[in-house]
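One structure is given here, and the rest of the page talks about it.
The values are calculated or read from the model by the stated rules, or taken from the named source; none is laboratory data. Just so it is clear, the model here is predicted, and its values are computed rather than measured. Glycine also receives a Cβ, built like all others from the backbone with ideal geometry; neighbour counts cover every protein chain displayed. Note: accessible area is taken over every heavy atom of the protein model, side chains too, but ligands, DNA and RNA are not part of it. Shrake-Rupley method; radii C 1.70, N 1.55, O 1.52, S 1.80 Å.
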Amino acid sequence: GGSEGLFLPIDLQPRPGQLLITEGPTDCAAALTLGFQAIGRPSCRGAQRQAVELVRRLKPVQVVAVADADVAGLEGGRKLARALILYVKDLRLIQPPHGIKDLRQWVRQGGTADDLFRAIEATESLSLSIGVNT
């Protein structure tokens, strides 16, 4: 529930491709180290409004919310995904492999850009569904 702002790389520019939204500055740094465009939230629930506003300005084709591998992280990632669903063509929510806490730990244990890319590609894009009761 942090109230701090987003963690942004100094050279963040609008790019039509992919944007990762991580939980925390160290996960953001890990994604940047692997060559991904990324921003970090201060916590699993923090800076959601700012993240949505930034996505609306940057207009990436794909947004990947990278949640920590715990209940709070997954709930925060799902909440962020619900807030983003109207603004992104391809929206995905991923977590690190079993037994790994977060993206930073994954990279420290040898995770590569290819590993992260494969995890993203193996995850289905989220979609909005509307039900009608008659």
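Some notes on this structure:
- Residue check for R15: free of Cβ contacts under 8 Å to residues at least 40 places away in the same chain and either of a type outside the set (S, T, Y) or more than 25 Å from D115 (Cα to Cα) (or both): no
- Residue check for A67: aliphatic (A, V, I, L, M) and more than 21 Å from R104 (Cβ to Cβ): no
- Every pair of residues 6+ apart whose Cβ atoms lie under 7 Å, when the first sits in the stretch 64-93 and is part of a loop (DSSP other than H, G, I, E, B) while the second is of a type in the set (K, R): D68/K101; A69/K101; Y87/R56
- Inclusion of T134 among residues that are free of Cβ contacts under 8 Å to residues at least 24 places away in the same chain and over 15 Å from the mean Cα position of the chain (by Cα) is warranted.
- When the stretch 40-67 is filtered for residues that are farther than 23 Å from E124 by Cβ and touching a helix residue (DSSP H, G or I) at 6+ places or on another chain (Cβ under 6 Å), the ones remaining, listed by number, are G40, R45.
- When residues of the stretch 9-44 are limited to those that are part of a loop (DSSP other than H, G, I, E, B), of a type in the set (A, V, I, L, M, F, W, C) and open to solvent by 30 Å² or more (accessible area, probe 1.4 Å), the one farthest from G76 (Cα to Cα): I10
- Close Cβ contacts (under 9 Å, 6 or more residues apart or on different chains) running from residues in the stretch 107-127 that are within 19 Å of Q37 (Cβ to Cβ) and in a loop (DSSP other than H, G, I, E, B) to residues that are β-branched (V, I, T) and modelled with pLDDT of 95 or more comprise G111/I100; T123/V64; T123/I94.
- Selection within the stretch 42-69 - aliphatic (A, V, I, L, M) and closer than 21 Å to P14 by Cα: A47, A51, V52, L54, V55, L58, V61, V63, V64, A65, V66
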